Amino acid sequence: MEVFVWRGDSLQGGFETFRVPSEENQTILDVVTWIQQNEDPTLTYRFACRVGMCGSCAMMVNGTPRWTCRTNVKKVLRGDKLEVAPLGNLPVIKDLVADMDPFFDKWIKVGGRHEPGKSRHDPIEEISPCNTDRARANAGIECINCSICYAACDTVRSNPDYLGPAALLRAWTIVNDEKHADRRNVLDAVAANDGCFNCHSMGSCTAHCPNGLDPMGAIAGLKRTVACGAFKPGE
């Protein structure tokens, strides 16, 4: 097959063509690895687990963000051609490696870390898994921060300051966590400029999430919660 691979960084670069042998049950990551091992050892890319648990191998494949370790070549091959590029909506460090700092900076900006309301000396608070808020929080905790939703987001593409679907999904998880002691500040963060109300509800984030999560639904929940808070100060 003919594989076009991005080489360079955000400022200067272009696609380089490689001829790669086609094999049964071949993944995109297999193709990239073959090129690095057999054609050009300077090709730079990320991967770790190879089984869809870490998300570090995410790249653009024929213009679509995907986990390359879980994407079979035959499902995305166009004729005998394939295009592989670094994740979209992020700066490129080198070749297929995107700079994840802007993504994680926004995750932190929404108050993504847990703020406990009790110390280790307090009794453990029991929360039923059937609790409505707990169910909402559980729906988003499988996010592994692979940034595929961020790369697919049309709003991030037009507004780089937008917090993005992964950060807002995390915010929704925190807002529904009864053990989180600072939910008000999380809501203030997502209600600010470039927060949840910038979402155009295109749904690309939910459509492309490899874990089947629903960032768009989480963002809609944040919009409702913030709007209700505007009419009920202090809640």
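For this structure, a couple of remarks:
Residues checked against (1) of a type outside the set (A, V, I, L, M, F, W, C); (2) under 21 Å from LEU87 (Cα atoms):
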position	(1), (2)
ILE108	no, yes
GLY112	yes, no
GLU126	yes, no
CYS130	no, no
ARG136	yes, no
GLU142	yes, yes
TYR150	yes, yes
VAL156	no, yes
ASN159	yes, yes
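- Answer residue from the stretch 148-189, given it is without any contact (Cβ under 8 Å) to a residue 40 or more places away in the chain and assigned to a helix (DSSP H, G or I) and is surrounded by the most Cβ atoms within 10 Å (Cβ to Cβ) among those: ARG183
- Helices (runs of 4 or more DSSP H) wholly inside the stretch 49-142 that include at least 2 residues being at pLDDT 95 or above, loosely packed, with under 11 Cβ neighbours inside 10 Å and among the β-branched types (Val, Ile, Thr): none
- Subset of the stretch 190-200 (residues that are at pLDDT 95 or above and open to solvent by 60 Å² or more (accessible area, probe 1.4 Å)): PHE197
- Filter result for the condition that a residue is in a loop (DSSP other than H, G, I, E, B) and closer than 19 Å to TRP67 by Cα, over LEU43, LEU11, LEU29: LEU43
Condition check ((1) of a type in the set (Asp, Glu); (2) within 19 Å of MET53 (Cα to Cα)) across all residues:
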site	(1), (2)
ILE148	no, yes
LEU169	no, yes
VAL175	no, no
ASP182	yes, no
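- Residues of the stretch 1-46 that are within 15 Å of LYS94 (Cβ to Cβ), open to solvent by 70 Å² or more (accessible area, probe 1.4 Å), at pLDDT 95 or above and not polar (S, T, N, Q): PHE15, GLU16, PRO41, ARG46.
- Candidates in the stretch 190-210 are the residues that are not polar (S, T, N, Q) and not in a loop (DSSP other than H, G, I, E, B); of these, the one that is farthest from THR68 (Cα to Cα) is ALA191.
- Residue that is farthest from ASP182 (Cα to Cα), among those in the stretch 54-97 that are in contact with a strand residue (DSSP E or B) (Cβ under 6 Å, 6 or more places away or on another chain) and of a type in the set (Gly, Ala, Ser): ALA85
The values are calculated or read from the model by the stated rules, or taken from the named source; none is laboratory data. Treat the numbers as computed from the prediction; the structure is a model and nothing was measured. Here Cβ is always computed from backbone atoms with ideal geometry, including for glycine, and neighbour counts include all displayed protein chains. In case anyone asks, the SASA skips ligands and DNA or RNA and just uses the protein heavy atoms, side chains included. Shrake-Rupley method; radii C 1.70, N 1.55, O 1.52, S 1.80 Å.
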